[in-house]
Structure formats: structure tokens, C-alpha cells
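Chemist: What follows is a structure written as C-alpha cells; I'll ask about it next.
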Amino acid sequence: MSAMEENLKRVRDEIEKCREHSLTGEEVKLIAVTKTHGVDVMKEAIDLGVTDVGENKVQELTEKMDLIGDKVRYHMIGNLQSNKVKYIYQDVALIHSLDRSSLAKEIEKRAKQTDHIVPCLLQVNIGDEASKGGLAYDGVLPFLESILDYKHIKVDGLMAIAPNTEDEAYLRKLFRKMFALKEDIDNRHYEGVHMTHLSMGMSNDFGIAIEEGANMVRVGSRIFGKRHY
Ligand SMILES: *Cc1c(COP(=O)(O)O)cnc(C)c1O
């Protein structure tokens with residue numbers, strides 16, 4: 001077994017173990033975060049059964065899409081500049097980082113021109129950290145209501161990046177708040193809005209995130225090792 005295969009097996013086993021006693025018992029989708037790693041690494045992951053990959057930079061994402069094609073689904077998980085929307089909106093399975101009006105406007109404008117529907121998650125700055133993108137927790141509902149008329153954006157759930165901390169109780173509290181927000185939005189039955197995905201949990205915290213209701217985790221270093229920038 002290669003190192004990647006072993007790592008993947010461990011991650012998948014842990015996902016399954018946590019899912020069994022999670023809040024929802026729901027299936028969990030693994031997004032393998034391949035950022036900074038080459039196409040050979042992505043190919044190896046695909047051969048090992050990875051169906052979804054995550055990238056955080058538009059240029060890196062488009063380069064890999066060009067070389068690998070449609071053998072895998074691509075997720076844009078990083079901060080997205082409006083002027084780069086045009087390069088990816090037709091090809092990504094999901095944009096996890098919708099967090100501001102200017103970006104929503106640009107996605108809507110482009111997608112309308114080419115008659116696409118772009119699935120997006122609303123990114124929430126759950127730890128209220130200045131260094132991170134995302135909507136303030138209390139800003140999510142007003143923002144969502146402000147884009148309900150955008151018929152070419154499909155809001156499919158929420159995404160959060162938890163603070164980098166060992167404080168498990170604090171992480172649990174934040175993940176719980178995310179789950180509560182997802183439930184709240186679902187209960188409002190906005191037309192065309194479905195809280196299908198709750199994307200939270202990374203290498204250090206995906207187990208906790210799953211237990212608290214995540215059904216999509218974004219895992220990089222636990223599968224591919226340390227990143228070299
Ligand atoms: C890099 C990244 C991840 C994966 O991080 P790891 O700690 O390596 O698992 C997940 N989500 C986002 C948004 C990232 O940028």
C-alpha cells in the first residue's frame with residue numbers, strides 16, 4: 001500500500017466511525033484537498049477512488065482541470081475574487097466560498113449570460129476571525145435573502161473554516177452553531193434554497209465536525225502530507 005492509500009484508508013475509516021454516532025447519521029462526502037500538490041498526486045488520488053477534489057486558487061484549479069478533465073468533481077474552497085469567476089463557474093461542482101454581494105452579483109451575471117446554474121455554499125466566518133473570509137454569523141440570513149432573486153445561483157448549504165485550536169469544546173460549540181443555522185434556514189423554506197451540504201471539518205477537526213452534523217469534509221494534509229508552498 002502506498003502512503004497515500006494508507007492515509008486515505010485511515011481518513012475514510014475515521015469518517016465512517018464518526019458518522020456512526022453523529023447527530024444525523026448521514027453519509028459524509030470527502031473532498032480531498034489537493035492544493036499545492038501536482039497533477040500526478042491528483043491522478044493517484046482519483047485512482048484510489050477519490051471523486052471530489054478541492055482547490056483554493058483559481059489558476060491552480062484551472063491548470064489541473066485542463067490536464068485532468070472530468071474524471072473528478074472540482075470544488076472551489078478558497079477565497080474567490082470576482083474577476084476570476086469567469087474562469088471557473090461553468091466547470092466547478094460547487095463554490096464553497098460565496099460570502100459577499102459583489103461576488104454573488106458577478107456569479108449571477110456570468111451564469112445568466114451562458115444559462116448556467118452555479119451551486120454555491122455560503123461561507124460563514126464562524127470563529128469571527130479577522131484573517132478569514134466568510135459572512136458574519138448574524139449576516140447570513142440577510143445576505144441569503146438579498147440574493148434570493150438570483151436565479152442562476154443555487155444556494156446548496158453552508159461552509160465554515162473553524163479556528164485553528166486544540167480546544168475541542170469550543171470547536172464543538174462552533175460546529176453546533178453552524179448546524180443550528182442550517183436547520184433554521186431549512187425551516188424557512190426559501191424557494192430554491194436547500195441546505196443539502198454542511199461543509200466543515202479539515203484534517204485537524206473533521207471527526208468533531210462530523211459528530212456535530214457536517215456531511216462534507218475537506219481534508220488535505222492527512223491524505224497528502226505536508227504542503228510545500
Ligand atoms: C487547505 C484547506 C483545507 C484542508 O486543510 P488540511 O488542514 O490540510 O486538511 C480545507 N479547507 C480549506 C478552505 C482549505 O483552504
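Chemist: Looking only at the range 89-102, count how many residues are within 18 Å of the chain's Cα centre (by Cα) and either surrounded by fewer than 19 Cβ atoms within 10 Å (Cβ to Cβ) or farther than 18 Å from His197 by Cβ (or both).
Modeler: Result for the range 89-102: 4.
Chemist: Let me ask something else about it. When you look at Asp70, is it closer than 17 Å to Val41 by Cβ, open to solvent by 90 Å² or more (accessible area, probe 1.4 Å), free of Cβ contacts under 8 Å to residues at least 40 places away in the same chain and more than 15 Å from the ligand (Cβ to nearest atom), yes or no? Reasoning before the result, please.
Modeler: Values: closer than 17 Å to Val41 by Cβ: no; open to solvent by 90 Å² or more (accessible area, probe 1.4 Å): yes; free of Cβ contacts under 8 Å to residues at least 40 places away in the same chain: yes; more than 15 Å from the ligand (Cβ to nearest atom): yes.
Spelling it out, it is not the case that Asp70 is closer than 17 Å to Val41 by Cβ, open to solvent by 90 Å² or more (accessible area, probe 1.4 Å), free of Cβ contacts under 8 Å to residues at least 40 places away in the same chain and more than 15 Å from the ligand (Cβ to nearest atom).
Chemist: Looking at Val118, Val124, which one is among the β-branched types (Val, Ile, Thr), open to solvent by less than 80 Å² (accessible area, probe 1.4 Å) and farther than 24 Å from Gln59 by Cβ?
Modeler: Val124
Chemist: Just one of the numbered conditions (1) under 17 Å from the mean Cα position of the chain (by Cα); (2) open to solvent by less than 10 Å² (accessible area, probe 1.4 Å) is not true of Leu135; which one?
Modeler: (2)
Chemist: Report yes if Ala180 is surrounded by 14 or more Cβ atoms within 10 Å (Cβ to Cβ) and under 24 Å from Glu27 (Cα atoms), otherwise no.
Modeler: Spelling it out, it is not the case that Ala180 is surrounded by 14 or more Cβ atoms within 10 Å (Cβ to Cβ) and under 24 Å from Glu27 (Cα atoms).
Chemist: While we're on this one: Consider the range 204-229. How many of its residues are farther than 20 Å from Leu94 by Cα, more than 10 Å from the ligand (Cβ to nearest atom), open to solvent by less than 30 Å² (accessible area, probe 1.4 Å) and not charged (D, E, K, R)? I'd like the intermediate steps shown before the answer.
Modeler: First, pick out the residues of the range 204-229 that are farther than 20 Å from Leu94 by Cα: 204-205, 207-208, 211-212, 221-229.
Checking which are more than 10 Å from the ligand (Cβ to nearest atom) leaves us with 207-208, 211-212, 228-229.
Within this subset, residues satisfying the condition of being open to solvent by less than 30 Å² (accessible area, probe 1.4 Å) are 207-208, 212.
Next, only the ones that are not charged (D, E, K, R) stay: 207-208.
Qualifying residue count, the range 204-229: 2.
Chemist: Of the residues Lys35, Lys17, only one is out of contact with any Leu (no Cβ under 8 Å at 6 or more places or on another chain) and surrounded by 14 or more Cβ atoms within 10 Å (Cβ to Cβ); which?
Modeler: After ruling out the rest, the residue left standing is Lys35.
Chemist: Does Glu166 count as in a loop (DSSP other than H, G, I, E, B), within 16 Å of the ligand (Cβ to nearest atom) and not hydroxyl-bearing (Ser, Thr, Tyr)?
Modeler: Numbers: in a loop (DSSP other than H, G, I, E, B): yes; within 16 Å of the ligand (Cβ to nearest atom): yes; not hydroxyl-bearing (Ser, Thr, Tyr): yes.
Answer is yes for this residue.
The values are calculated or read from the model by the stated rules, or taken from the named source; none is laboratory data. Keep in mind it's a predicted model, so treat the numbers as computed, not measured. Because the Cβ atoms are built from the backbone with ideal geometry, glycine has one as well, and the counts that use them run over all protein chains shown. Heads up: the accessible areas ignore ligands, DNA and RNA and are worked out on the full protein's heavy atoms, side chains in. Shrake-Rupley method; radii C 1.70, N 1.55, O 1.52, S 1.80 Å.
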